[in-house]
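This report refers to the structure that appears directly beneath it.
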Amino acid sequence: MAFTGPLEDRIAIREVMETYAYGVMTKDAEVWAATWADDAYWALPEYPDLGGFEGKKAIVDAWVGSMEVYGLDDMTRPMVYLANPGRIEVDGDKAIATTFTIEIYQHPETGETVHTNGHYEDELAKIDGKWVFTRREYRIFHERRD
């Protein structure tokens, strides 16, 4: 079954996914950073030039840099980023999840509008009573450029 474990934990994990999306849409680094564990890993195998980032500081620094060049209307507006859970499986203070994403942004080099559908395979932990991502691995399953 795609959704297992206590409902309270599953709702809290969904809120982590949605907080992450809110941080992207508002370009709020503090909000976005709050979704990560200190020793987290962010894997981006679809972007070989980026690879992955280890540790919250490296993750947040990389994200802040990317938000400087990924937006809409020549960076006058933030990118569109929506997230929806496909599964959340809680086992004690650990969980795995799949987050489906929709992204719309202006390609920083070509100026094309990019519509991307992807998903994260997530690992989370409940640390000091709060759910955070310990690992996220992103994959694209559809992309269109206009």
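At-a-glance table
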quantity: Distant-in-sequence amide H partners of residue 50 (H built 1.01 Å from N, under 5 Å); calculated: none
quantity: Whole-number D in µm²/s for the chain (Stokes-Einstein; Kirkwood sum over Cα pairs; 20 °C, 1.002 mPa s); calculated: 138
quantity: Rg and Dmax of region 14-63, Cα atoms only, in Å; calculated: 10.9, 30
quantity: Amide N of region 64-100 lying under 19 Å from the label point, which is placed 7 angstrom from the Cα of residue 110 along Cα→Cβ; calculated: 69-75, 79-80
quantity: From phi via Karplus (6.51, -1.76, 1.60), per-residue ³J(HN,Hα) for region 66-80 in Hz, x at Gly/Pro; calculated: 5, 5, 6, 10, 10, x, 10, 6, 6, 6, 7, 9, x, 5, 8
quantity: Amide H contacts under 5 Å for residue 34, placed H, 5+ residues apart; calculated: none
quantity: Per-residue HN-Hα couplings for region 52-62 [Karplus 6.51, -1.76, 1.60; θ = phi - 60°; Hz; x = Gly/Pro]; calculated: x, 10, 10, x, 4, 4, 5, 4, 5, 4, 5
quantity: Cut-off under 5 Å, modelled amide H: who pairs with residue 79 long-range; calculated: 72
quantity: Cα convex hull of region 62-146 - mean projected area over all directions, nm²; calculated: 6.4
quantity: Tally of Lys pairs whose C-alpha atoms are under 18 Å apart, taken over the chain, 8 or more apart or cross-chain; calculated: 6
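Values in this text are rule-based calculations from the coordinates and carry no lab data. This is a predicted model, so every value here is computed, not measured. With ideal geometry, Cβ positions are generated from the backbone for all residues, glycine too; neighbour counts draw on all protein chains shown.
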